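A quick write-up on the structure given underneath.
No value in this document is a laboratory result; all are computed from the given coordinates. As the structure is a prediction and not an experimental result, all values here were calculated from the model. All Cβ positions, glycine included, derive from the backbone under ideal geometry; neighbour counts span all protein chains shown.
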């Protein structure tokens, strides 16, 4: 077992030394552009990365992929006159599928007839209970609730979001998830077209 | 049929007349065994029929029928489908059932769990104590009539959330000092009851020194707050000098009753919860659970989904083994350099998980009948880059860095040996079992998904020591790279979901046991549906937990310094041990 007389340790140290040298080699190759540049960061996340991997958060941030999911938000469409109608119809599917049950919805009712209207009166997401699973966004039939990209949520109080804090524009949604937004818009348009076709 | 059971062709009832009868409930399979003759049957099963591996022991509370059932899953280590047998007893307090520990010692921890959570007394068990809850806990929480303080409803979705859901913060109704129930006559203020007494009593197997010398045994507690226990895990050891005389794992510090939560969740809600079991390998956890529910629903995932699943599961295995190798080296004293070398590669794998599923660790990616979404653009080239160029080279580098190292060799070779017989006896699984010379891998022994289409070797090493367990993980990484390479080449086009996405799936009544070869060993999900939106029973056969059964036997006779190395080589994750 010990017939190698420390050769194994030396071989291992060789690996360490090689990696140590690579750090400086890569720094030289990139001439200071290795850090704090988008190209440098993506190089350090690629298959060719060698040397120091560490991303110096918060000075540097790794770009999040499109599918990245964090606490949900509600999408509103921007009307031509500045109105902000939420896509949400308060159908409650998100509240019913939420595994830790962190979504609370109060449905609006018509003040005259007392019948429910498809519009949420109150909408809460208890962000400290939310497990960021994304099931609400996945099963929403109206593309009304979506997962956010903003992961910097540190605060001095409980992260409980009400309807005003949750509402974000369709433009914002498109900016964080372009491919998804495009696909969903097309699907919604197709659905609307068939509905009009049926009506005629 | 939801559960094709080839064992039915073997006419067991003719072989054991009067002992067993087939389980004829719709959707169920297996055999009902006569309570009084369980031991006799199990012994014959092991010795004559070759079912030498007890995979899972669990209990089910059939409250409406007034019955408790204990369910056993046994397999042959030579491969092939398994056998399920059950015993039923009337629901009483406590329920008494003969213990199988004398025949299958691997039942030890699992029977303790069933006692703790269901109140089933296993007569003849050598050390029947609570395991996840503390001594003095009121009641048995997995019983259907047990409710926690501030119990809201039997099943989700909760009615308070919609359509009139004005938020009530959980802490406002769950104040300190008022959220716990005690047994009758138990006063925490004036208690003289020592919760550790039972543990220490179980540990003392004091024998007189053969030399007649007056040396005292001492009890040392390692953990629960100890950096080398990989979490809140505690080991109580009895020492004679530096030699370990006896050892008991103490767990439950991270217990959250995952299974009770699972029985209140709808089927789909459980998917993200399974991520939190073994949080280093969430894709494999998803896989096992999806398989079990798909068996019940009789759904087959699409071709493309199958390939994506296999790719993700194998990447998880690599990520997990890199972590295991790094952590073991940390435990051996190579402080963080090997760990960080391993973590670098793991980070690149997690980048892929993040791009595909939206989260690095809590993937929640599998759905019944497929996966949540197709691979986004740009992911497949990234996988190709990693698996054809970088990973094979980097694994060799880490291997060169570590395997020849004299310190690792002298601390690993011949230390912490688990023999092949013991590995089977104690129901060890995964790398622990294969390092002991048993070529048992669920992917080959009882193929699931599309593993029968890939070329790979079942990794096996024969010495069963710490070094071999390390080497088995290196070999398994190489095999996983091979599988991913083949899967990338064969990946077909097409949909990734066989069903229309539904937020509440309809699951026909019945039982199913879905098992996968997780990175830590056989991961099984035993699910019973009664046709409602929530499972009636949801049990996890957690490899980390069951592998700890052999932890004591491995360590006895070793030096105390090796406990940490042995634990590192077993590779546990406390999220799965404590559930």
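Remarks
- Gap separating the Cα centres of the range B:316-336 and the range B:365-434, nearest whole Å: 10 Å
- Within 10 Å of each Cβ in A:126-135, the average number of Cβ atoms from other chains: 5
- Where the alpha-carbon atoms of the range B:6-123 are placed on the principal axes, they occupy 37, 30, 23 Å, in descending order.
- With eigenvalues of the C-alpha gyration tensor scaled by 5 and rooted, the range B:325-394, Å: 28, 16, 9
- Calculated over the range A:1-62, the projected area of the Cα convex hull averaged across directions stands at 5.5 nm².
- Translational D in µm²/s for the range B:295-357 (Stokes-Einstein at 37 °C, 0.692 mPa s, Kirkwood Rh from C-alpha pairs): 245 µm²/s
- Neighbouring Cβ atoms from other chains, within 10 Å of the Cβ of residues in B:332-344, number 2 on average.
- Per-residue shielding of B:154-164, expressed as the average number of other chain Cβ atoms within 10 Å of the residue Cβ, stands at 6.
- Rounded to 10°, Cα long-axis angle of helix A:178-199 versus longest principal axis of chain A: 20 degrees
- For the range A:70-199, the fraction of C-alpha pairs more than 27 angstrom apart is 22%.
- Computed from the alpha carbon atoms alone, the convex hull of the range A:158-199 holds 103 Å³ per residue.
- Rounded to the nearest whole angstrom, the semi-axes of the ellipsoid equivalent to the protein assembly as shown, taken from the Cα gyration tensor as √(5λ), stand at 42, 36, 27, largest first.
- When its C-alpha radius of gyration is set against 2.2 N^0.38 Å (N residues), chain B gives a value of 0.96.
- Here the range B:53-189 yields Rg over Rh of 1.07, to two decimals, using C-alpha coordinates and the Kirkwood radius.
- Based on alpha-carbon atoms, the Kirkwood radius and the radius of gyration of the range B:482-573 give Rg/Rh equal to 1.16.
- Mean-position separation - Cα centroids, the range A:94-130 and the range B:523-579, in angstrom: 40 Å
- The range B:435-532: proportion of alpha-carbon pairs further apart than 22 angstrom, %: 49 percent
- Helix A:7-30 axis, angle to chain A major axis (alpha carbon atoms, nearest 10°): 60 degrees
- Listed peptides B:571-578, A:72-79, A:104-111 appear in the order B:571-578, A:72-79, A:104-111 once ranked by packing, highest mean of other Cβ atoms within 10 Å at the front.
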